[in-house]
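Student: Structure below; questions to follow.
Only the coordinates and a few stated rules stand behind these numbers; no lab work does. The shown structure was predicted, so the numbers you read here are calculated from the model rather than taken from an experiment. Because the Cβ atoms are built from the backbone with ideal geometry, glycine has one as well, and the counts that use them run over all protein chains shown.
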Amino acid sequence: MSEHHYHLSGDLTLLAGSANMPLAQAIAEELGLVLWPAETSRFPDGEAHVQLGATVRDRDVYLVQPTCPPVDGNWIELLLFADACRRAGADRLTAVIPYFGYARQDRRAKGREAIAARVVSDLLGAVRVDRVVALDLHSPSIEGFLPVPLEHLTAVPTIAAALQEERLQDAIIVSPDLPYVETYRVNYVNMTRNTSSTTPRESWAFTAPAAWSACRPKSRSLNRPASSRLSNSRS
C-alpha cells in the first residue's frame, strides 16, 4: 500500500470493465477501495452483456476501462457499463480511459474518411458520462470533440524519472507520435539538469521512426466495378 493518504467521499464507487483488471485492482489498492462487483459476458453471437453486482444509486462512480485492443469490444463494454450505471441511478459518472482508442483518427487526412475520435466522443455524451479522465492523448485537441469535461493526465514525467534512475547508456526512445519525442527529450534533459546523474544526455537518442507508417491500417476494396456498386446502391 502506498504511503499517500487520500480523502475520499463515502459515496465514491470504483467500477472496472474487463479490459485491464490488474490496473483497476492496483488503483483500488492505492486508494484503499474495493472494486464494485460487476459481470461481463458474451452471447453466442458475440454481443457483449454487462451487469452491476451491487447498487450504485446516488453514488459517485468511477468507471475504469481502457479501450485498448480489442478496441471495438472494449469501447462497447465501456458504453454498456456507463448506461447500466445511469439506469441504476448513479449520481455522477466519470469514465477513466487510460488508453483512448480511436484517438489517432482525429482529422481527415484524405477525403471521404470518418473522424472516429469525434464519433466515440459523441457516444460518451450519449450514455451521459459526466467527465472523462484520459492519459497522454494523441492530441490535446481531442478535448474539443468531447461534450463533457476532460481531465488530461500525463505519465511522461514519471517515465522520464524512471529511465533517468536506470542510468542507461546509448539508449533509444521510440515514440509513434512525433510531438512526444520532444516531450520525452525535454523531460529527460530537465531531469538530468536537476540531478547529479553521470549518464551523458548525448548518449540518448529520441526518434519517431518513419516505419511507423507501416502500422497504418490497410484499405480494403470491394473488388467490384464502380458501375456494379452504383447499381446495388440504387436497388
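Student: Rank the residues F100, F145, F43 as a footprinting-exposure proxy: fewest other Cβ atoms within 10 Å of their Cβ go first.
Tutor: F43, F145, F100
Student: Continuing with the same structure: Once the Cα gyration tensor of the stretch 19-104 is diagonalised, what are the square roots of 5 times its eigenvalues, in whole Å and ordered largest first, as equivalent ellipsoid semi-axes?
Tutor: Taking √(5λ) for each eigenvalue gives 20, 17, 13 Å, largest first.
Student: Tabulate in residue order the Karplus-calculated ³J(HN,Hα) for the stretch 96-101, using 6.51 cos²θ - 1.76 cosθ + 1.60 with θ = phi - 60°, rounded to whole Hz; enter x for Gly and Pro.
Tutor: For the stretch 96-101, the Karplus-derived couplings read 9, 10, x, 10, 9, x Hz, x marking Gly and Pro.
Student: List H152, H138 from most exposed to least, where exposure is judged by having the fewest other Cβ atoms within 10 Å.
Tutor: With the fewest neighbours first, H152, H138 line up as H152, H138.
Student: How about the stretch 19-123: which GluC sites (Glu not before Pro) there are in a DSSP loop, with at most 14 other Cβ atoms within 10 Å of their Cβ?
Tutor: Sparse-neighbourhood loop GluC sites (Glu not before Pro): E47, E113.
Student: Another question about this same structure. What whole-number distance in Å separates the alpha-carbon centres of the stretch 61-81 and the stretch 114-161?
Tutor: When both Cα centres are located, 13 Å separates them.
Student: Amide H of V96: which non-local residues (sequence gap of 5 or more, or other chain) have their own amide H closer than 5 Å, using H built in the peptide plane?
Tutor: L63, V64, Q65, V133
Student: Which loop-located trypsin sites (Lys or Arg not before Pro) does the stretch 1-98 contain, where loop means any DSSP state but H, G, I, E or B and the Cβ has at most 16 other Cβ atoms within 10 Å?
Tutor: The qualifying sites are R57.
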